[in-house]
Structures are given as structure tokens and as C-alpha cells.
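Engineer: Sharing a structure, written as C-alpha cells. Questions coming.
FYI, it's all coordinate maths here, none of it is from the lab. Note that this is a predicted model, so its numbers are computed, not measured. FYI the Cβ positions are ideal-geometry reconstructions off the backbone, even for glycines, and counts take in every protein chain you see.
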Amino acid sequence: MKDVMTEPFLSIEDLVVEYPLSRKAKVHAVSGLTVSVEQGKTLGLVGESGCGKSSAARAVMQLPPPTGGRVTLDGQELTGLKGKALQQARRRFQMIFQDPIASLNPRQTVREILSAPLEIAGEQESPEERDARIIAMLDKVGLNGEQAISRRPHEFSGGQCQRISIARALILRPDLLVCDEAVSALDVSVQAQTLNLLEDLKAEFGLTMLFISHDLAVVKHVSDTVAVMYLGMLCEMADATTIYRKPAHPYTRTLINAVPEPDPDAPRKALELVPGELPSPINPPSGCRFRTRCPMATDLCAAETPQPKELAPGHSVACHHPLI
Ligand code: SF4
């Protein structure tokens, strides 16, 4: 039975995702990621493209299952579930993808798109009951359900397609919603509308969210806690305000410095990266993976992988020489 006092709602422990390239080489996409999310909260997972955040999201969804580690949702271990058991569990966790148009089958009507998860889950209902359910969900995401149900994706804008994707993800009333760069492909004004919609739906449905993005400003807007990843490893985790006001990891500081500041005269604590390419996840640097770009790197950083240390309650950093 779940121990509600000690066990977080979503727990990701020592997650490893590797993709074999040949007998000797593999991509180290995620290496030992440990994070957790309380029920009804949002964890933002942020980092440059290629840092492993989308691989981590797919591993949480068991798409495919991770190479190693555990993912537990509300006390149920998802890693290791197969066949019918995984299908049954899946109704509790759903995902929204980056490209809203590509994620919808252009040949299907919205009715067929939203019926698919209900059919897979074996929901028993008459066609009239199903239509009513689909229309109600489309209304909830801000579309005119009566009009939208018989149309096809090409008849909608990108923002409307993302609303259909959200409706598809929520129609089974999941507990966990994983958003993988869910607003990156949208215009800025549509991004804001979609983020506000997600916030409203999170409150109404009591959702727990894992929000993946390369955009710190977007993550700050939606997240209770922010976890920063670099080259497959966790750098820093704290509540959203602390991460922005008191970043302790040099990589977090450089990410925050890169966010455009509305006040051009506002003081910025610059931290210049060592020039060079992002290292390859096939052959990541020894010790701290950020050391080849970090201006503060020492011999210790090459010799030993820094482990996450708690600086304050809820604020942990994996760095031998944190900034605070
Ligand atoms: S461990 Fe060393 S190389 Fe890594 S971020 Fe900290 S100071 Fe930089």
C-alpha cells in the first residue's frame, strides 16, 4: 500500500536511457536522473536540445521503457509493466507532443481521434454517449465541440490542433500529463493562450504535470519546481523562484542569463561559457559533464562526478563549486 507520508505521487529514480548504436557505442541520453513530483504540482524539466529531457519524458511514459531505473506513479511501479497491465495503467498518464499537426492523423475526424483512447481503454458506451463525451471535452479545451467533432485536423490552426491534442490526452481523465515541448511550435500569443488553458485544466482535473521545455521563461510560468538537465544528467533542482533568483549551478546561471530581460538596464551577473561545441552524448566528458564548457572547472570536476547536494530544503545542486 502507498505510504502517503513519504512517497511522492510521481517518482523517477536513477533513470537511465541509452540507445545502442553499435556493439561498442551507445547514446547516453539520460544517466541516473532522480526527481519527484507531488500530486497536483508541476515539475518543469529544462535544458538545451539534446540534454535528454524528451528521452526522460518518453521513459516515464514507457515509450519505450527506460534502460534502467524506476518510475512509480501513485505507488504503482510503471517500469516492468507489460501488455494488458501497461495498457490499463496508461489511462492514468497521457502525453502532449511538440508538433500538434503531426501528432494528429490527417485522415481521421476529430471524433475518430478522440474515440481512439476510449476504444483502447475498452470504455463501454453508446455512440450517442461517446459523442456527448467528446463534445464536452472539446468544449472544455475552448473549441466548439458540436462543430469540431466531424472536421479533420487540416481544417484547424496549429493552436486549435494543440487543443485537440490536449482533449485527446484528457478524455480518459488521467492523473499525470506529460507535456513535451507542448507550446514550442506555436506562435507566442497562442503559446500564452495554451499555457493558460493548461493551467485551468490542471486545476479543474487535479492534474500532476511534467512539463518539458527548452524555454526557461515558459517553464517558469507553469512550474512549481524546476529541474535543470545537461547532457543527460541533473544539474540543479529547486522551486521556480529560487532557480531564477539564486541559481547555484554554473549551467543554470548561463541558461538564465540567456533569457531576454525586459529591462535592458537591469544588472546581469554574466558567466561566460568556455567556447566550444556541446559534447557528444555518445562519449560524454568524465566527471562533471558540463566541465568542458564551465569557466569554473577544476581538476576535481574531471575526476569525480558531482552528486546532488542539498543547499537548502528543496534546493539541490550537483556541482563541486556551487555559486552560492
Ligand atoms: S562541477 Fe565543476 S565543471 Fe561542473 S559545473 Fe561545477 S564547477 Fe563547473
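Engineer: Any idea how far apart N105 and Q88 come out in nm if each label point goes 7 Å out from Cα toward Cβ?
Structural biologist: Taking the simple label geometry, N105 and Q88 are separated by 2.6 nm.
Engineer: Quick one: which residues, 5 or more positions from L323 or on another chain, have an amide H under 5 Å from its amide H? H modelled 1.01 Å from N in the peptide plane, none for Pro or chain starts.
Structural biologist: Distant-sequence amide H within range of L323: H249.
Engineer: How large is the Kirkwood hydrodynamic radius of region 118-237, in angstrom, based on all distinct alpha carbon pairs?
Structural biologist: Value: 15.8 Å, from the Cα pair sum.
Engineer: At 222 nm, what value in deg cm²/dmol follows for the chain if DSSP H runs of at least 4 each add -39500 (n - 2.57) and the sum is divided by all its residues, to the nearest 500?
Structural biologist: -9000 deg cm²/dmol
Engineer: Next up: Taking a quarter of the surface of the Cα convex hull of region 150-305, what do you get in nm²?
Structural biologist: With the hull built on Cα positions only, its mean projection is 12.4 nm².
Engineer: Please tell me the relative contact order of the chain in percent, rounded to the nearest whole number, where contacts are Cα pairs under 8 Å and at least six residues apart.
Structural biologist: 20
Engineer: Give, in nm to one decimal, the length gained when the segment between A136 and R173 is fully stretched (0.36 nm per residue of separation minus the Cα-Cα distance).
Structural biologist: 12.1 nm
Engineer: Which entries in K53/K84; K53/K246; K82/K140; K24/K309; K84/K220 show an alpha-carbon gap greater than 30 Å?
Structural biologist: Going by Cα-Cα distance, K82/K140; K24/K309; K84/K220 fall outside the 30 Å limit.
Engineer: Under a no-solvent Debye model with one identical scatterer per Cα of the chain, what's log10 I(q)/I(0) at q = 0.07, 0.10, 0.12 Å⁻¹?
Structural biologist: Ignoring solvent entirely, the Cα scatterers give -0.30, -0.62, -0.87.
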